[in-house]
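Where a number appears in this text, it was derived from the coordinates with a stated rule and is not lab data. Predicted, not measured: the structure shown is a model, and the values here were computed from it. Note: ideal-geometry Cβ built from the backbone for every residue, glycine included; neighbour counts use all protein chains shown.
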Amino acid sequence: MRYLPHTEADREAMLARIGVPAIDALFADIPADKRLDGLLDLPATRSEMEVEAALGRMAGKNTPAGSVPFFVGAGAYRHHVPASVDHLIQRSEFLTSYTPYQPEVSQGTLQYLFEFQTQVANLTGMEVANASMYDGSTGTAEAVLMAHRVTKRRKAVLSGGLHPQYRAVVETVSEMAEDAVVALPPDPTGTEAILDAIDDETSCVVVQSPSFYGELIDLAPIAEKAHAVGALLVAVFTEVVSLGAIEPPGAQGADIVVGEGQSIGNPLTFGGPYVGLFATRQKFLRQMPGRLCGETVDAEGRRGFVLTLSTREQHIRRDKATSNICTNSGLCCLAFTIHMTLLGETGLRRLAASNHASAVALADSLSEVPGVSVLNDSFFNEFTIRVPGDAAEVIDALAQNGILGGVPVSRLEHDRPDLADLIVVATTETNTDADRAAFVAGLKEVLS
């Protein structure tokens, strides 16, 4: 039996209380042509075996990342995840754990979160990190809100190299809060005049490096200009493995560092769940969203862990919360921590070097394809190429030949015909010489 407790009178009373004439009014912001009109066209009943077979046929239409030469990135990356990571996170004490509302009895959870925070702080070159966010995009929006609290200003400047989806999340959150956002035009080559956009009303400037287009950005002069006018620098990354090769954002003057941690410990999984990383300087600690685990000793002097800070809306003083982010990506954090522990500093540096070498080799080969040019002077494992004609059509043609050759910029930057010939290409340690050769040969065939 379906559980429907509300009577028609109950529903009418609730609608009257919130001041709308009908339930449809609650969905007024969703375009009418995007709403479901009636029930889904699904059979009323099927057996378990029939459902399993039908879903299996649907899943078979997908092309898994490892089944073909794969060069898709743009915020989510295919890396090798050791089998031990999945084995350990499947343990029942981890897989079934939940938010530690009585934290001191959740010593295992607090300990791995403490280790996770330590790893993130070391990677980013910052003094303190929280116990994770949902993903890089929502973490970036939270960083902007945090900067507003710190500076008492309400205007964010977004670099044209910021991931378009991250930019959209920031703009959505800022619109609801009536905050100002200055989003600079897309910047494939890292040559924008971002310093000119920073003024005395700026709360923060948000810069991604490597950028969405793959360009490495020198953050130091941007940090200097921001600090000169009392603003903060929010440094963003989507490829955390890059921190094994480039100078950490904290060493370049960043005040808040935020990004996506999916590349370490977490597979692509068709888009999620992922794990957002968030770090800042000690002096801004109490304005940081999420929760912070700390180390202490118990009454008998034994090492223990506590929930040191939890500025979230589900806890006490909820009206003073710095964020409505109500949990953290716990299992994804654990996967990150296990993989990072297995790698260690030396392993991460080797992994980063392998990624960069793969990208250099691919960029050199692609630049020799007639009509193709590589736009970036400096990059990590991702770069942008310009192709003759429509990039989306080129990518579709490659896919028909069993090669996933990257992300056309037009897929994310709509209504920008000047970007329609650009493709963001990513390559990692999982790509072989044969993969790269197939990509080059396939692109030559498509463009011939």
Worksheet item: log₁₀ I(q)/I(0) of region 15-127 at q = 0.23 Å⁻¹, via Debye over equal Cα point scatterers, no solvent, to two decimals?
Response: -1.29
Discussion item. Show me the ranking of peptides 88-99, 406-417 by mean Cβ neighbours inside 10 Å, starting with the highest.
Written reply: 406-417, 88-99
Worksheet entry | Separation of the Thr346 and Glu178 label points, Cα + 7 Å toward Cβ, nm | 5.8
Worksheet item: Put +1 on the Cβ of every Lys and Arg and -1 on every Asp and Glu Cβ in region 83-340; which of Phe212, Pro185, Pro248 then has its Cα farthest towards the positive end of the dipole?
Response: Pro248
Item to complete: Provide the percentage of antiparallel DSSP beta bridges, counting only those with both residues in region 83-340; round to the nearest 5.
Response: 45
Discussion item. Take Arg302 and Ala397, extend 7 Å from each Cα along the Cα→Cβ direction, and tell me the distance between the two endpoints in nm.
Written reply: 6.8
Worksheet entry | Lys61/Lys444 FRET efficiency (R0 25 Å; Cβ-Cβ; nearest 0.05) | 0.35
Practice prompt. Classify region 224-344 as rounded, prolate or oblate, taking a ≥ b ≥ c as the square roots of the eigenvalues of its Cα gyration tensor: rounded when a/c is under 1.5, otherwise prolate if a/b is larger than b/c and oblate if not.
Written response: rounded
Discussion item. Apply the a/c threshold of 1.5 to the C-alpha gyration tensor of region 83-340 and tell me whether it is rounded, prolate or oblate.
Written reply: prolate
Worksheet item: Straight-line reach from Lys152: which lysines have a Cα under 17 Å away, not including same-chain ones fewer than 8 places off?
Response: Lys283, Lys320
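Ranking request for peptides 203-212, 9-18, 30-39, 236-245: highest mean number of other beta-carbon atoms within 10 Å first, then the rest in descending order. It would help to have the intermediate numbers written out before the result.
Numbers: 203-212: 27.1, 9-18: 10.6, 30-39: 7.2, 236-245: 24.9.
Descending mean neighbour count gives 203-212, 236-245, 9-18, 30-39.
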Response to the item:
FRET efficiency (His6, Ser367; Cβ distance; R0 60 Å; to 0.05) is 0.40
Response to the item:
Computed for region 121-222: size of charge dipole around the Cα centre, +1 on C-beta of each Lys and Arg, -1 on C-beta of each Asp and Glu, debye to nearest 20, value 260
Worksheet item: So in the chain, what percent of DSSP beta bridges are antiparallel if you round to the nearest 5?
Response: 55
Worksheet entry | region 83-340, dipole about Cα centre (Lys/Arg Cβ +1, Asp/Glu Cβ -1), debye to the nearest 20 | 780
Fill in: Tensor-based shape of region 218-279 (alpha-carbon gyration tensor, a/c under 1.5 rounded, otherwise prolate or oblate)
prolate
Worksheet item: How do the peptides 181-188, 165-172 rank, highest first, by the average count of neighbouring beta carbon atoms within 10 Å per residue?
Response: 165-172, 181-188
Discussion item. 7 Å from Cα along Cα→Cβ at both Leu95 and Arg46: what's the point-to-point distance in nm?
Written reply: 2.6
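Summing +1 for each Lys or Arg and -1 for each Asp or Glu, what net charge is found among the other residues whose Cβ lies under 14 Å from the Cβ of Val229? Please list the in-between numbers first.
On the way: positive: Lys152, Arg153, Lys155, Lys225; negative: Asp196, Asp199, Asp200, Glu201, Glu224, Asp255.
Value of the local net charge: -2.
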Worksheet item: Given a Förster distance of 25 angstrom, what is the FRET efficiency for Asp415 paired with Ile18, based on the Cβ-Cβ distance and rounded to 0.05?
Response: 0.10
Discussion item. How large is the translational diffusion coefficient of the chain in µm² per second when you combine the Kirkwood radius over alpha carbon pairs with Stokes-Einstein at 37 °C and 0.692 mPa s?
Written reply: 137
Worksheet item: Roughly how big is the chain's charge dipole about its Cα centre, with Cβ charges of +1 (Lys, Arg) and -1 (Asp, Glu), in debye to the nearest 20?
Response: 1200
Worksheet entry | Listed residues Gly259, Pro164, Met133: farthest to the positive end of the dipole of region 83-340 (Cβ charges) | Met133
Fill in: Top positive-direction residue, dipole computed over region 83-340 with Cβ charges, set Ala223, Ser97, Gln282
Ser97
Practice prompt. Please list, in chain and number order, the residues 5+ apart from Ser373 or on another chain whose amide H is under 5 Å from its amide H, with Hs placed from the backbone.
Written response: Arg386
